[in-house]
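Asker: Before we start, here is the structure in question, set down as structure tokens.
The values are calculated or read from the model by the stated rules, or taken from the named source; none is laboratory data. Bear in mind that the values here come from a model prediction, so they are computed numbers and not experimental data. Cβ: placed from backbone, ideal geometry, glycine included. Neighbour counts: every protein chain shown.
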Amino acid sequence: MFDKVTKTYGTGSNAFTAIKDVTFSIPDYPGRGEFVSILGPSGCGKSTVIRMIAGLLPQFPQTSGKVLVDGKLVTGPGPDRGMVFQDYTSFDNRTVLENVAFGLECRGVDKAERLDRARVWISKVGLSIKKDADKYPHQLSGGMRQRVAIARTLILEPRIILMDEPFGALDPPTRSRMQDNLVKLWREQSPTIFFITHSIEEAVYLGDHILLFSNSPGTVLKEIRVPPPDRPSIEMQRDPKFIDVVMGIRETIDRLETSNRAGD
């Protein structure tokens, strides 16, 4: 939950406010997490929001307001939260198998157990244990490297997963496959996911809850509920009902932006 959260960097004439009075609350249903798409223009503070949830410097701590997870104030990073970045964050000197198992290694899990669990997750994210497990990151495509990053996060079973435009640099076919795989994993694991995107279509397909942010300094302009995905991305995006939802959000964005400009 965010309660009137503001984040300002710097002081005096160098001060810059990234987000201002951000307030929202995401329900935490037993056994079923929400999929929250965060949608907004570049530089509106979307990354600041999820890095605050993660407890990562320098976005954390907030300048004012409260950031709570499970009813408790966020005081820093924790094992209940996992992060997937836009940039490919694999360890170049480790194989796919070793990368996926890294978090378990940090937790002191026995080598045989962590490698067995890593193999399961390599398969879950759509990679081949036989062909890919012993490869190094430089031998992988961008989509494959993001699959490794997702597996490395989800293997730790965090309650909340924070994803900062993880598919932004992928080509459309790969992006569509990654979306479908992520929905499948979300349904299996039931975490709460916060997913940043610039794409209305991606936000509508993935999310059942959309936070629509304003221009900088970012604030929540509107919260939108949408039906969860019930078919592969490529099929849903041809559905007239899906197109109607996308167009409705696009019209909402245009209307809100026009209203904001009129009030400037």
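Asker: May I ask you to say which residue of Val49, Val36, Val5 is under 18 Å from the mean Cα position of the chain (by Cα) and part of a strand (DSSP E or B)?
Answerer: After applying the criteria, what remains is Val36.
Asker: Hey, another quick one. Against the condition farther than 30 Å from Phe24 by Cα and either hydroxyl-bearing (Ser, Thr, Tyr) or touching a strand residue (DSSP E or B) at 6+ places or on another chain (Cβ under 9 Å) (or both), how does Thr48 come out, does it pass?
Answerer: For Thr48, the condition - farther than 30 Å from Phe24 by Cα and either hydroxyl-bearing (Ser, Thr, Tyr) or touching a strand residue (DSSP E or B) at 6+ places or on another chain (Cβ under 9 Å) (or both) - is not met.
Asker: It is to be established whether one or more residues within the range 9-17 are more than 16 Å from the chain's Cα centre (by Cα) and hydrophobic (A, V, I, L, M, F, W, C).
Answerer: Yes, the range 9-17 contains a residue that is more than 16 Å from the chain's Cα centre (by Cα) and hydrophobic (A, V, I, L, M, F, W, C).
Asker: I'm told Ile129 meets every condition in (1) of a type in the set (A, V, I, L, M, F, W, C); (2) modelled with pLDDT under 95; (3) surrounded by fewer than 16 Cβ atoms within 10 Å (Cβ to Cβ) except one. Can you identify the failing condition by its number?
Answerer: In the conditions (1) of a type in the set (A, V, I, L, M, F, W, C); (2) modelled with pLDDT under 95; (3) surrounded by fewer than 16 Cβ atoms within 10 Å (Cβ to Cβ), Ile129 misses (2) alone.
Asker: Report, ordered by the first and then the second residue, all pairs with beta carbons closer than 6 Å, sequence separation of six or more or different chains, a first member in the range 50-69 that is of a type in the set (Phe, Trp, Tyr), and a second member that is crowded, with 19+ Cβ neighbours inside 10 Å.
Answerer: What qualifies is Phe60/Met52.
Asker: Would you pick out the residues in the range 69-79 that are assigned to a strand (DSSP E or B) and either surrounded by 14 or more Cβ atoms within 10 Å (Cβ to Cβ) or among the polar types (S, T, N, Q) (or both)?
Answerer: Val69
Asker: Against the definition (in contact with a Leu (Cβ under 7 Å, 6 or more places away or on another chain) and closer than 29 Å to Asn93 by Cβ), how does Ala149 come out, yes or no?
Answerer: Answer is no for this residue.
Asker: Identify, by number, the condition in (1) of a type outside the set (A, V, I, L, M); (2) part of a loop (DSSP other than H, G, I, E, B); (3) buried (at least 17 other Cβ atoms within 10 Å of the Cβ) that Thr153 doesn't meet.
Answerer: The single condition Thr153 does not satisfy is (2).
Asker: Gly207 - would you say it is crowded, with 22+ Cβ neighbours inside 10 Å and at negative phi?
Answerer: For Gly207, the condition - crowded, with 22+ Cβ neighbours inside 10 Å and at negative phi - is met.
Asker: Give, as residue ranges, the helices (runs of 4 or more DSSP H) completely inside the range 156-264 that count at least 3 residues that are in contact with a Gly (Cβ under 7 Å, 6 or more places away or on another chain) and not basic (Lys, Arg).
Answerer: The helices (runs of 4 or more DSSP H) meeting that bar are 172-189.
Asker: Looking at the range 173-183, is at least one residue out of contact with any Cys (no Cβ under 6 Å at 6 or more places or on another chain), modelled with pLDDT under 95 and over 28 Å from Arg225 (Cβ atoms)?
Answerer: Yes, there is a match, as at least one residue in the range 173-183 is out of contact with any Cys (no Cβ under 6 Å at 6 or more places or on another chain), modelled with pLDDT under 95 and over 28 Å from Arg225 (Cβ atoms).
Asker: Return the residues of the range 80-108 that are in a loop (DSSP other than H, G, I, E, B) and either surrounded by 18 or more Cβ atoms within 10 Å (Cβ to Cβ) or under 16 Å from the mean Cα position of the chain (by Cα) (or both); say none if nothing qualifies.
Answerer: Listed by number, the residues that qualify are Asp80, Phe85, Gln86, Asp87, Tyr88, Thr89, Ser90, Thr95.
Asker: Please identify the pairs in which a residue from the range 148-162 that is farther than 18 Å from Gly55 by Cα has its Cβ atom under 7 Å from the Cβ atom of a residue that is charged (D, E, K, R), counting only partners at least 6 apart or on another chain.
Answerer: From the range 148-162, the pairs are Ala151/Lys124; Ile155/Arg117.
Asker: OK, next. Show the residue pairs that are 6+ apart or on different chains and have beta-carbon atoms under 9 Å apart, the first residue being within the range 1-22 and charged (D, E, K, R) and modelled with pLDDT under 95, the second being in a helix (DSSP H, G or I) and surrounded by 19 or more Cβ atoms within 10 Å (Cβ to Cβ).
Answerer: Close Cβ pairs satisfying both conditions: none exist.
Asker: Oh, and also: Could you go through the range 12-20 and let me know if any residue there is surrounded by 19 or more Cβ atoms within 10 Å (Cβ to Cβ), of a type outside the set (D, E, K, R) and in contact with a Pro (Cβ under 9 Å, 6 or more places away or on another chain).
Answerer: Yes: one or more hits.
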